[in-house]
């Protein structure tokens with residue numbers, strides 16, 4: 001702990017655990033708690049003989065400087081001299097925070113730091129369209145199960161959306177418990193059952209894969225779509241990757257010699273994508289641009305390929321497959337692997353699934369081992385009945 005005049009240079013030089021008490025305004029101090037943490041200004045004083053600490057805010061551009069923190073500390077001290085109970089007023093203000101106000105804090109202080117950008121964008125969209133119109137003006141501590149249940153029921157016609165909104169609201173209320181804005185164990189969204197969701201699984205048959213291959217060849221030969229979109233479809237089919245993984249792929253991540261793509265981040269974290277010969281052949285034919293590291297470069301320097309849906313609609317129309325989505329190409333890769341005898345464990349590793357239950361959707365495509373065993377036994381019996389079999393082992397127990 002140091003006692004000196006608080007200056008911007010002194011604050012910027014603070015180390016984790018440092019505290020500086022100001023020499024100009026008695027009780028004003030700035031503290032830096034941890035490595036990488038932002039210093040915060042506080043005021044320590046006595047109110048009716050009880051020591052109190054008032055939080056002012058964090059240091060930095062757009063927040064508080066030493067001078068503005070001094071002015072705020074002087075203002076607080078003046079209010080205390082006038083007999084104001086600021087702690088009680090702040091507690092009352094917290095108790096009265098609305099869902100919309102706290103949602104803004106949740107997105108900025110928690111979701112932005114812990115969620116991936118796409119997840120954050122989707123969560124923000126669901127809140128803006130569905131949760132905030134229903135819950136926004138309600139005080140955070142007054143939200144109970146009836147309000148959550150009504151919101152969920154209102155979206156029952158769209159069960160997937162209803163469940164995602166419920167999860168987003170539950171996450172906000174759960175975080176409110178962690179930061180002391182709601183009592184622990186009070187999250188009313190936890191006891192509401194999710195609606196059943198019907199997964200859309202579209203697997204491509206051998207004939208459909210042939211149709212798609214012919215459509216890609218025609219699109220490429222006649223220039224019906226840009227070469228990048230043709231390469232994108234082939235890479236999705238040959239790797240089982242997610243669309244975001246292929247669109248965001250850059251050349252430094254591609255290890256041709258090892259036959260892998262090393263992703264430092266994906267929907268499920270760091271992972272390797274394996275590159276079989278057809279995928280390597282697609283990559284080998286692609287140009288490498290000096291001003292863009294993306295395997296599928298966009299129009300602007302350094303940008304990835306975007307606007308993939310319309311070209312894909314042209315390709316699937318050529319193939320006569322109007323209901324096939326780009327994500328279904330990932331299903332196609334997995335289904336062919338399973339039908340070819342690969343274990344669900346291996347297929348899950350290829351797809352980058354963290355949980356084996358995610359891969360279970362392909363279980364019905366796997367050859368039944370019991371059926372295969374029955375087939376082998378029946379073939380042997382049939383052969384024995386025609387005299388074409390070798391020795392048949394008796395199933396009777398041996399007696400001594």
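Computed from the coordinates by the stated procedures, all read-outs in this text should not be read as laboratory data. The model shown is predicted, which means the values in this text are computed figures rather than measured ones. Note: ideal-geometry Cβ built from the backbone for every residue, glycine included; neighbour counts use all protein chains shown.
Some notes on this structure:
- Separation of the residue 303 and residue 97 label points, Cα + 7 Å toward Cβ, nm: 3.8 nm
- Using alpha carbons only, the radius of gyration of segment 15-98 set against its Kirkwood radius gives Rg/Rh = 0.99.
- Each label was represented as a point 7 Å from its Cα along the Cα-to-Cβ direction; for residue 274 and residue 105 these points are 4.9 nm apart.
- Segment 99-178, relative contact order [Cα under 8 Å, separation at least 6], %: 37 percent
- You can think of it this way: the chain between residue 313 and residue 244 has 23.1 nm of extra reach, that is 0.36 nm per residue less the Cα-Cα gap.
- The alpha carbons of segment 162-253 stretch over 65, 35, 21 Å along the principal axes, in descending order.
- Here, segment 91-145 is characterised by an Rg to Rh ratio of 1.01, where Rg is the alpha-carbon radius of gyration and Rh the Kirkwood radius.
- Counting all C-alpha pairs of segment 99-178, share separated by more than 19 Å (%): 29 percent
- Computed E for residue 13/residue 154 - FRET, C-beta separation, R0 60 angstrom, nearest 0.05: 0.65
- For the pair residue 86 and residue 34 in one chain, pulling the backbone fully straight at 0.36 nm per residue adds 15.9 nm over the alpha carbon distance.
- Between residue 184 and residue 115, the FRET efficiency from the beta-carbon distance, with R0 = 35 Å, is close to 0.95.
- The distance between label points at residue 44 and residue 210 comes to 8.1 nm (points 7 Å beyond Cα on the Cα→Cβ vector).
- Relative to the current alpha-carbon distance between residue 379 and residue 327, full extension at 0.36 nm per residue lengthens the span by 14.6 nm.
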